[in-house]
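One structure is given here, and the rest of the page talks about it.
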Amino acid sequence: MSGTYLGMPAFPRAARAAVADTQLRRNLEHATGTIRGRRAEVVAELDDWAELRAAGAAIKDHTLRHLDRYLVQLEEAITAAGGTVHWARDAAEANRIITDLVRETGETEVVKVKSMATQEIGLNDALAEAGIMAWETDLAELIVQLDRDRPSHILVPAIHRNRAEIREIFRRAMADVPADLSDDATALAEAARRHLRRKFLAARVAVSGVNFAVAETGTLVVLESEGNGRMCLTMPDTLISVVGIEKLVPTWADLEVFLQLLPRSSTAERMNPYTSTWTGVHPGDGPQALHVVLVDNGRTGVLADRVGRQALRCIRCSACLNVCPVYERVGGHAYGSVYPGPIGAILTPQLRGTAGPLEASLPYASTLCGACYEVCPVAIDIPEVLVHLRAKAVDAKRRRVLPTAERAAMAAAAWTLGGPRRLGMAQRAAARARRLVGRLRWPLTGWAESRDVPTPAPESFRAWWRRTRGRTE
Amino acid sequence: MRIGLFITCFNDTLFPRTGKAVTALLERLGHTVVFPAEQTCCGQMHLNTGYQREAIPLVRRFARAFADLDAIVTPSASCAGTVRDHHARVAESAGDDRLATEVADIAPRVYELTEFLVDVLGVTDVGAAFPHRVTYHPTCHSLRALRLGDRPLRLLREVRGIELVDLPHADECCGFGGTFAMKNPDVSVAMGTDKLRHVLSTRAEVLCAADNSCLMHLGGLLSRLRAGTRVMHLAEILAAEEKAMSPARPHHRAPGARRTEHV
Ligand code: SF4
């Protein structure tokens, strides 16, 4: 599997291969099933969860509405505390800024804190092109990197791998691994720890993302489980933090809400083991140079969409992935983006546009079962956005002279349903052809491959009513 | 109380016996049911697939057909959900204030069958008899859009002779999802297969639900597998009586099998 998402096929095609991958199916069933149960337990412990969730949504909405103001406030606070703020319109600009910043230090290696924003902009590849090696230090992210694979989950990028596979990856790609490495979880973690410890001690530059940026003080916040992030954030001389512009919260009081929502939703913990916060630079303590790169990369476009903008509330907890029945069968790769699952299905087409076959197919990669909306800690109505994106796609095609087959079928259905006489006629025609319908393949190919096709009733309900009850209302 | 039956276009055409069951059931409970002939469809398929504009006349027609009824009862959780949760938005997007008022007026009077029985009529024992081993699948719209909760189970528990067994992992989607079943057939079938694994583990003879659409998907898989378990809308179980206890025929005709009547 290559490290890039370019030229990905539409979701149904990628999904076909994924559902046939038996090991992937069993890994995902186990992993998502476990985390789903644990999340439900820790969320049920709080009797004010509904209020917290509403508060989380309201704070994010407020911040997004006044984003211009809060971004400036953040920049001023960071600058006042001794940091430097850079603005990046898109991925290319962000990568250029970061590459230049690393070059200025003269270093050719950086350590990285697990970060979705840097994945989104493809930073590692951009740095590699400039001769700079970026080492992932999150355990699961490291596994993916060593395997030259792509992440398949927001929180657990190697969720598609089991321990035996991870041992093989380590043996193959980790230079300093013991020859007799077992697939015991402790042994694997120990091997990774020794490998990473050498990187931490040598690194002079670190790159991080952030979970939150507090506008009032210019403070950046990372929540993590392993402590590897803390190493990156404190030991190097230079810290470059990449921040999607939707990561802002106005105040520390607002942050409190999210520090309750995020751990319970993502790792099913009451509190995550490590919460790091940093504000500018402090002589003799921690990195002496702090660069903050604020990245738009399509976000202001999303903000302009009245329905779609709620996707920007996302705090990347991955609860929606873990409950999604489609994700559970397919895994993350078929979504063709660092954002898989339900949130990916609404975020990727909005950030990248729907010109490509993959992006255009994502709004349909859902049964609209609603499980994602129910667990989302910031109440993003994902089914609502999916349907909205479908409607936008349909409306964009209306300008074409020749209708698509689907549009023709939908128009025909709407005409048939336009009145009881038309519907009755269609029902009688279907009843006459009912034996044929059972054998129909096209246009029901996708259905009939594995499922029997129901036959229309010989007499519709309305015909039965008229025959047995005479006149209707 | 004037009770109008909203049959839904899908049941009207493919599963009329569900409509007959609802009618028989409500009449057995002493009510008169009317069938407004002007009704066709709530627009769910169009709305969920992104054809909002095509849905506008359907919403208009729905509002007109059911305007003067006290209660509108439907054997479909997903269509009830469409009317209650989406018609208002359609009216708004059409910029039609009168329609918006009509829709807001009608929505609270639309009930899925088990809601109507339990909440409005206040019954759980509807006098049914169905001596079979049955499991109930709460469809996503039953569960998350309408929040039917245990209403269907309370009704089923009172059915004489029934052997009701819990469905493991009941709250997981079956994989139907309307056009999803056609646009993403592989994932749809994978989800359906996992659902069936749980259904078959109950060793139930009958799988029931409040939506024939999901049952059509699961029933289509079951009959293809010759699994020996059939699907039935729960209205048909609630309508079943002591005297008419011959097993109902399967929804689906196996290819190559002799013709089976649908009524
Ligand atoms: S959409 Fe909601 S549930 Fe999904 S990752 Fe974002 S915050 Fe979490």
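The values are calculated or read from the model by the stated rules, or taken from the named source; none is laboratory data. Computed from a prediction, not measured in an experiment: that's the story for all the values here. So basically every Cβ, Gly included, is an ideal-geometry build from the backbone, and we count neighbours across all protein chains shown. Calculation scope for accessible area: heavy atoms of the full protein, side chains included, ligands and nucleic acids excluded. Shrake-Rupley method; radii C 1.70, N 1.55, O 1.52, S 1.80 Å.
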**OP:** Just tell me how shielded A:409-419 is by partners: mean number of partner chain Cβ atoms within 10 Å of each residue's Cβ, no decimals.
**Re:** 6
Original post:
How would you order B:17-28, A:151-162 from highest to lowest mean count of nearby Cβ atoms within 10 Å?
Top reply: A:151-162, B:17-28
**OP:** Could you please tell me the mean projected area of the C-alpha convex hull for region A:149-220, averaged over all directions and given in square nanometres to one decimal?
**Re:** 6.8
**OP:** For a label point 7 Å from the Cα of A:Thr234 along Cα→C-beta, name the residues of region A:262-298 whose backbone N is under 17 Å from it.
**Re:** A:272-289
Original post:
For B:22-33, what's the mean count of beta carbons from other chains sitting within 10 Å of each residue's beta carbon?
Top reply: 1
**OP:** At 4 °C and 1.567 mPa s, grab the translational diffusion coefficient of region B:82-211 from Stokes-Einstein with a Kirkwood Rh over Cα pairs, rounded to a whole number in µm² per second.
**Re:** 77
Original post:
Hey, what do the phi angles of region A:127-140 turn into as Karplus ³J(HN,Hα) couplings, whole Hz, using 6.51/-1.76/1.60 and θ = phi - 60°, x for Gly and Pro?
Top reply: 5, 4, 4, 8, x, 10, 8, 9, 9, 6, 10, 6, 4, 5
**OP:** Taking a probe of 1.4 Å and counting only protein heavy atoms, give the total accessible area buried between chains B and A in Å², rounded to the nearest 100.
**Re:** 6300
Subject >> Calculated from backbone phi, Karplus (6.51, -1.76, 1.60) coupling profile of region B:66-82 in Hz, x at Gly/Pro >> reply: 10, 3, 9, 9, 6, 9, 10, 10, 9, x, 8, 5, 6, 6, 4, x, 4
Original post:
What is the calculated FRET efficiency for B:Asp70 to A:Arg469, with r their C-beta to C-beta distance and R₀ = 22 Å, to the nearest 0.05?
Top reply: 0.65
Original post:
For region A:212-277, what class follows from the C-alpha gyration tensor (a ≥ b ≥ c being the square roots of its eigenvalues): rounded when a/c is under 1.5, otherwise prolate if a/b is larger than b/c, else oblate?
Top reply: oblate
Subject >> Accessible area of chain B divided out per residue, in Å², using a probe of 1.4 angstrom >> reply: 37
Subject >> Using alpha-carbon coordinates, inclination of helix B:16-28 to the longest axis of chain B, degrees >> reply: 80
Original post:
Between A:Leu248 and residues 5 or more places away or on another chain, which pairs have amide H atoms under 5 Å apart, with H built 1.01 Å from N, and which residues are they?
Top reply: A:Ala213
Original post:
Using a cut-off of 23 Å between alpha-carbon atoms, which lysines can reach A:Lys60, once sequence neighbours fewer than 8 places away in the same chain are excluded?
Top reply: A:Lys114, A:Lys247
**OP:** Would you mind counting up the charge near A:Pro349? Only other residues with Cβ under 13 Å from its Cβ, with Lys and Arg at +1 and Asp and Glu at -1.
**Re:** +1
Subject >> Karplus-derived 3J(HN,Hα), 6.51/-1.76/1.60, for each residue of region A:459-465, Hz, glycine and proline x >> reply: 9, 5, 4, 5, 5, 4, 4
Original post:
What average count of beta carbons from other chains do you get within 10 Å of the Cβ of residues in A:360-369?
Top reply: 6
**OP:** Quick one: pull the percent of accessible area on chain A belonging to carbon and sulfur, 1.4 Å probe, ligands and nucleic acids left out.
**Re:** 54
**OP:** Please report the relative contact order for chain A, taking Cα pairs under 8 Å with a sequence separation of at least 6, and give it as a percent rounded to a whole number.
**Re:** 19
**OP:** Would you please give the residues with an amide H less than 5 Å from that of B:Leu164, counting only those at least 5 places away or on a separate chain, with H modeled from the backbone geometry?
**Re:** B:Val134
Original post:
Taking the Cα centre of each part, how many Å lie between region A:335-360 and region B:98-170?
Top reply: 37
**OP:** Would you rank A:Asp237, B:Asp186 by solvent-accessible area, highest first, keeping every protein chain in place and using a 1.4 Å probe?
**Re:** A:Asp237, B:Asp186
**OP:** Indicate the gyration tensor shape class of chain B (rounded, prolate or oblate), computed on the Cα atoms with a ≥ b ≥ c the square roots of the eigenvalues: a/c under 1.5 is rounded; otherwise a/b larger than b/c is prolate and the rest oblate.
**Re:** oblate
**OP:** For region B:39-57, list whatever residues lose no less than 40 Å² of accessible surface once every protein chain is in place, relative to that chain by itself, with the probe at 1.4 Å.
**Re:** B:Thr40, B:His46, B:Asn48, B:Thr49, B:Gly50, B:Tyr51, B:Arg53, B:Glu54
Original post:
What is the gain in length, in nm to one decimal, between A:Asp48 and A:Asp305 on full extension, counting 0.36 nm per residue of separation less the C-alpha to C-alpha distance?
Top reply: 89.4 nm
Original post:
So how long is each side of region B:19-85 along the principal axes, counting just the alpha-carbon atoms, biggest first, in Å?
Top reply: 41, 21, 18
Original post:
Scattering from the C-alpha atoms of region B:2-121 alone, worked out with Debye: what is log10 I(q)/I(0) at q = 0.13, 0.16, 0.18, 0.19 1/Å?
Top reply: -0.46, -0.70, -0.88, -0.97
Original post:
So for B:Leu153, B:Leu215, what's the accessible-area order with a 1.4 Å probe, most first?
Top reply: B:Leu153, B:Leu215
Original post:
Antiparallel as a % of all DSSP beta bridges within the protein assembly as shown, to the nearest 5?
Top reply: 15
Subject >> Segment A:Thr445-A:Glu269, length gained on full extension (0.36 nm per residue, minus Cα span) >> reply: 58.8 nm
Subject >> Neighbourhood net charge (10 Å Cβ-Cβ; Lys/Arg +1, Asp/Glu -1) for B:Asp194 >> reply: +1
Subject >> Cα gyration tensor, region A:1-118 - rounded (a/c under 1.5), prolate or oblate >> reply: oblate
Original post:
Can you pull out the cysteines in chain A that have no other Cys Cβ under 4.7 Å?
Top reply: A:Cys232, A:Cys314, A:Cys317, A:Cys324, A:Cys376
Subject >> Spacing of the two label points (7 Å from each Cα toward its C-beta) at A:Asp125 and A:Arg400, in nm >> reply: 2.8
**OP:** Take the Cβ-Cβ distance between A:Glu41 and B:Ala37 as r, set R0 to 51 Å, and report the resulting FRET efficiency rounded to the nearest 0.05.
**Re:** 0.50
